[in-house]
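Written out below as structure tokens is the structure these notes cover.
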DNA sequence: CTTGCATACCTCGTAGTCCAATGTATTATC
DNA sequence: GATAATACATTGGACTACGAGGTATGCAAG
């Protein structure tokens, strides 16, 4: 029960989404492409991951949604709230810590 | 079905175990402590993770097990097989790729 | 006009990973 | 003879992430 979440490496999709949205407002489909480009075609967010995370973040007050209509197609633009920015910082720190620790084990170098 | 494993960041515990065992033979309990030390007390492999992974790796032919008895206590020492070394290299490459891609998104720098 | 492709959204079912809790047994400490 | 550290192990479930499938619009080709 309760929040005590851990899971070594969880939350990376969320991190990437928050990071990209912190630069500029984007809509889902655009976001998916942006992840591919920004990661050098190495990572790709499937829609089965993307949309649930987006909705979860919005429900949690980390994202603000705005609906637009461009040439007949519905788009939902997302941008960070203050809370989202805080969440980004927390996840970012966590990622750096964990990735750094893994690299320390792998490389032998220790902080 | 089928092997298609993905999961962004999965397999890190396995990677750490293989890496540490590639340096020297160790037994489970020792391994758990070694992860803590090598990661600067940042990571910690619970026993509920450690032993199942160890058994899985052995079953998959990546590890060789040797039973020892030290002052009444049973210890199971594990060491890498050739297959284990190959598995380590594969997981290691994968980690570098994914971690690098995440850092690329986070940092803006692109290869 | 209808077939096919790209855009754009969404959800369900589940596979797979990891974890906390719990259990056994031995030795050492007090 | 209780407490703690060592040393192994399993079970049950939580949670993430993902593939597959579904709806709908616009556009180009034939």
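Computed values, structure above
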read-out	value
Condition broken by residue B:85, with the remaining ones in (1) out of contact with any helix residue (DSSP H, G or I) (no Cβ under 6 Å at 6 or more places or on another chain); (2) away from DNA strand C (no atom under 14 Å from the Cβ); (3) closer than 21 Å to residue A:94 by Cβ satisfied	(3)
Single condition residue A:61 does not satisfy, out of (1) under 23 Å from residue B:98 (Cβ atoms); (2) surrounded by fewer than 19 Cβ atoms within 10 Å (Cβ to Cβ)	(1)
Qualifying residue in the range A:39-52 (condition: away from DNA strand D (no atom under 13 Å from the Cβ) and surrounded by fewer than 19 Cβ atoms within 10 Å (Cβ to Cβ))	yes
Residue check, residue B:53 within 22 Å of residue A:104 (Cβ to Cβ) and under 11 Å from the mean Cα position of the chain (by Cα)	yes
Scan of the range A:93-107 for residues that are touching a residue at least 40 places away in the same chain (Cβ under 8 Å) and either within 10 Å of another protein chain (Cβ to nearest Cβ) or over 30 Å from residue B:21 (Cα atoms) (or both), ordered by number	A:95, A:98
Unmet criterion (only one of (1) surrounded by fewer than 18 Cβ atoms within 10 Å (Cβ to Cβ); (2) facing chain B (nearest Cβ under 9 Å); (3) in a helix (DSSP H, G or I)) for residue A:90	(2)
So residue A:27, is it surrounded by 12 or more Cβ atoms within 10 Å (Cβ to Cβ), more than 23 Å from residue B:98 (Cα to Cα) and near DNA strand C (Cβ under 8 Å from one of its atoms)	yes
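Laboratory data are not the source of any read-out in this text; all were calculated from the coordinates shown. Predicted, not measured: the structure shown is a model, and the values here were computed from it. Counting neighbours? That spans all protein chains shown, and the Cβs are built from the backbone with ideal geometry, glycine included.
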